[in-house]
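These notes are about the structure you will find just below.
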Amino acid sequence: VQLQASGGGLVQAGDSLRLSCAASGRIDRNYAMGWFRQAPGKEREFVATISWSGNSTVYADSVKGRFTISRDNAKNTVYLQMNSLKPEDTATYYCARENHIFRLGRAARYYQFWGQGTQVTVSS
């Protein structure tokens, strides 16, 4: 499975961005997909995850109410809509695929395949 994240950019506080993660290769849609982020000098942190059906989602407290994860299995794509962006949201954002069917993990170790990351920079 190959994952390609895109949609990052430089925005001002309060703006919105939508990230996309396109999957290719041997795709199995029975797995949850997640978004993580990593700021310079910090550990990679969980942002959101979505079940294979799209009916279940989990968010980090820091983004709850501002970010929305969704997926379009017909397009093999997962999205992260980010609204009301804050400077502390600045990071490289990564998409990844869970490695256990039906689990919606928050830990990076639960994810097997990773995209290359897309940079999001929010200025104050």
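Structure data summary
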{"read-out": "Failed condition for A23, given (1) of a type in the set (A, V, I, L, M, F, W, C); (2) within 20 Å of L3 (Cα to Cα); (3) touching a Gly at 6+ places or on another chain (Cβ under 8 Å)", "value": "(3)"}
{"read-out": "Every residue from the range 2-17 that is more than 12 Å from the chain's Cα centre (by Cα) and open to solvent by 40 Å² or more (accessible area, probe 1.4 Å)", "value": "Q2, L10, Q12, A13, G14, D15, S16"}
{"read-out": "Tally of residues being part of a strand (DSSP E or B) and basic (K, R) across the range 1-26", "value": "1"}
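The values are calculated or read from the model by the stated rules, or taken from the named source; none is laboratory data. This structure is a prediction, so every number in the text was calculated from the model and none was measured. Cβ atoms come from the backbone with ideal geometry, glycine included; neighbour counts cover every protein chain shown. Only protein heavy atoms, including side chains, enter the accessible area calculation; ligands, DNA and RNA are left aside. Shrake-Rupley method; radii C 1.70, N 1.55, O 1.52, S 1.80 Å.
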